[in-house]
Every structure is written in C-alpha cells, then in structure tokens.
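Structure first, then comments.
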Amino acid sequence: MRAAAVLVAAAALSCLEGSLAKTHRADVAALFLVKERALSRTGDSRGRWAGAVKNWSGRGDDCLDCEEADPCGLTWHGNWKGIECRGQDHLPPHVERRVTNFHLPKYGFGGVFYDFEEVALLKNLTEVDMDNNDFTGPLPEWLACLPELVEIDMEANDFTGEVPRGWGNLENLIEVELEHNNRLGGCIPNGLPPRARWQGWDTSGISVDPWVGTSYHRTRVRGRCSNGEMPDCPEPLTEEEIDEIIERNKPLFPVREESQEPEYPEWMTGGGSSPGDSQVSSSDGQD
C-alpha cells in the first residue's frame, strides 16, 4: 500500500512538473496568429492548411494533465503539428520555453508564403522548413527578422523572383536549401553560407543533411551579390495584444445546461431490474 502511494505521488509530481514547463505566452500568441492567417486562405489551400493547424489550441495552464495543449509541454507534438521546442530539456520546470522549429514540409500548401509575417514574431526560431509544398510568388523577406535561424529550407516549391538580399544579414545560418524552384532567380547574398558541399553523414549535430551550405541547383540563381537592407520587421506583441489573442483562441468546451438532466437506465432509477438480476435468477434456478 505504501509503495503504491509513493508511485501515485511520484506520478503526480511528474505531471505537475510537466505542466509547469509552459511555452512563453508571446510565442503562443504568435502561433495563434499564424493559425488565423492559415485559416483565412480560400479554396484548396485553406483545406490543406486547416489539416495542419486546425488542432493548434490551448496552453499548459488550461489543465494540469494535458501537456499536449502546450507547444513546449512534455508531449509538444500533441496538438501542435510541426512545432518544436528543442534544446531546453535541461531547464528547470518553471522556466518558460521558446519555440525553435517551424517544420511543415510536404503538405501540398499552395498560394503565397511571403505574407505569413506572423512567423517572424517567433524570435527564437532556428529552423523554418517548408520544403516540398506548392508555394508560389516571392520568398519571404521577413525571414531576415529571425536572427537565430540556422536553417532555411524552401526546397521543391515554385517560388519566383529573387533570393532576398536581407537574408545575408543572418549570421547564424548554416544551411539554406532553395533547389528545385525552377523559376527562382537572382543571386546569392554574400552573407549566406558557401555553396553546399558534402560533409559526410557525421555533421556534428549541425544538420541531419550530409550536404551543408547553400544549395540552389535547378533554379535560375547565379553568382554572388552584396547583402541588402533589412526588411520592416513586425513589432513585438504587447501584453494587451497577447492577452486578447490567447483569449479569443481558447478552446471551447460544451457546457451542460442546468435544466438538462442526464438520462439513466431504468434499473438505476428503481424502474426496473438490473442486468445482473436476471443472471442471478438464472443461476439460482440451476442450483
């Protein structure tokens, strides 16, 4: 009995610690803005975005035992498809986590991606991976607003225009994948990594891709050029804006009306015999 009580207490403590590992409220609000942007799409594009983000909901303080409602909870793959919070497992439970990876490849997203500026509010992102979709239009200049970026992957879409010169100001970039965008042109800003080279399968944790650098084969991109100016970056959300965004995105649960009584079987309300009664009578008859 005592051992069982200890196990229950340990499980409760583990659950409580998990619930404390919440995502920073500013990141939660930014993700909700991304979701709203995605669901504002029309036609087939909206349906594909909805399939990816419709279940983005909740936060760790909505309930103590459902970490999947929190992007950076212990099971942050739960409701938050494509969102990860890496490299923070060593932090104490009370320290809020930050979103580090925005990873939604191979969903068949169409239309443009350059207007998803809300992603640039996630200032701790190290990866934005949207490869193997069907995006058109120019590459998003606002990626230059994410100073912690290590990897940009826009491979195998249908982007047009030129590589944004402002990307050259991202000092932490190691990998930029632009290949298989047949209509993409322009030049590679000097600040981007050297052309991708084979690094072998052991890349010391830099990337799971053995090719590290800037890759742009099967595009119209040619040569190097100077870095450009930074784009206009979105202003950080105020506390009032964060409160309002999170409030309007709280999950809604059906509430039983006070006048609505639950329906019970007759045998539970004294109006009939229970299923067990017939079995007892039958067995009595056999004795």
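Run down the lysines and flag those whose C-alpha is under 21 Å from the C-alpha of LYS250, throwing out any fewer than 8 positions away in its chain.
Leaving aside lysines fewer than 8 places away in the same chain, those within reach of LYS250 are LYS22, LYS35, LYS54, LYS81.
What is the calculated FRET efficiency for CYS225 to ARG248, with r their C-beta to C-beta distance and R₀ = 45 Å, to the nearest 0.05? Working shown, then result.
On the way: r = 43 Å, r/R0 = 0.96.
Calculated transfer efficiency: 0.55.
If you take the beta carbon distance between GLU240 and CYS187 as r and set R0 to 41 Å, what does 1/(1 + (r/R0)^6) give as a FRET efficiency, to the nearest 0.05?
Numbers: r = 43 Å, r/R0 = 1.04.
It comes out at approximately 0.45.
What is the distance, in nm, between label points placed 7 Å from the Cα along the Cα-to-Cβ direction at ARG218 and at THR136?
It works out to 2.0 nm between the two label points.
Could you grab the Rg to Rh ratio for segment 142-195? Cα atoms only, Kirkwood for Rh.
Result: Rg/Rh = 0.93.
Hey, can you grab everything whose amide H is under 5 Å from the amide H of THR214? Only 5+ residues off in sequence or another chain; H modelled, so Pro and N-termini drop out.
VAL176, ARG195, ALA196
Of the peptides 165-173, 146-154, how do they stack up when ordered by the mean number of other Cβ atoms within 10 Å, highest first?
In decreasing order of mean packing, 165-173, 146-154 become 146-154, 165-173.
Give the carbon-plus-sulfur fraction of the accessible surface of segment 105-151 in %, rounded to a whole number; probe 1.4 Å, heavy atoms of protein chains only.
Result for segment 105-151: 45 percent of the exposed heavy-atom area is carbon or sulfur.
Testing the spin-label approximation: label points 7 Å from Cα along Cα→Cβ at ARG195 and ASP232. State their distance in nm.
Going by the 7 Å Cα→Cβ label model, 3.7 nm.
What list of ³J(HN,Hα) couplings, whole Hz, do you get for segment 152-166 from phi and the Karplus terms 6.51, -1.76, 1.60, once you set θ to phi - 60° and write x for glycine and proline?
Result, ordered by residue: 10, 10, 10, 4, 6, 10, 9, 5, 10, x, 10, 5, x, 5, x Hz.
Calculate the all-directions average of the projected area of segment 87-204's alpha-carbon convex hull, and give it in nm².
8.4 nm²
What number comes out for the charge environment of CYS187, summing +1 per Lys or Arg and -1 per Asp or Glu over other residues with Cβ under 13 Å away?
Working: positive: ARG165, ARG195, ARG220, ARG222, ARG224; negative: GLU162.
Once positives and negatives cancel, what remains is +4.
The values are calculated or read from the model by the stated rules, or taken from the named source; none is laboratory data. From a predicted model like this one, the values you see are computed outputs, not experimental measurements. Quick reminder, even Gly has a Cβ in these numbers, built from the backbone with ideal geometry, and neighbours come from all protein chains shown. Protein only, heavy atoms only, side chains kept; ligands, DNA and RNA dropped before computing areas. Shrake-Rupley method; radii C 1.70, N 1.55, O 1.52, S 1.80 Å.
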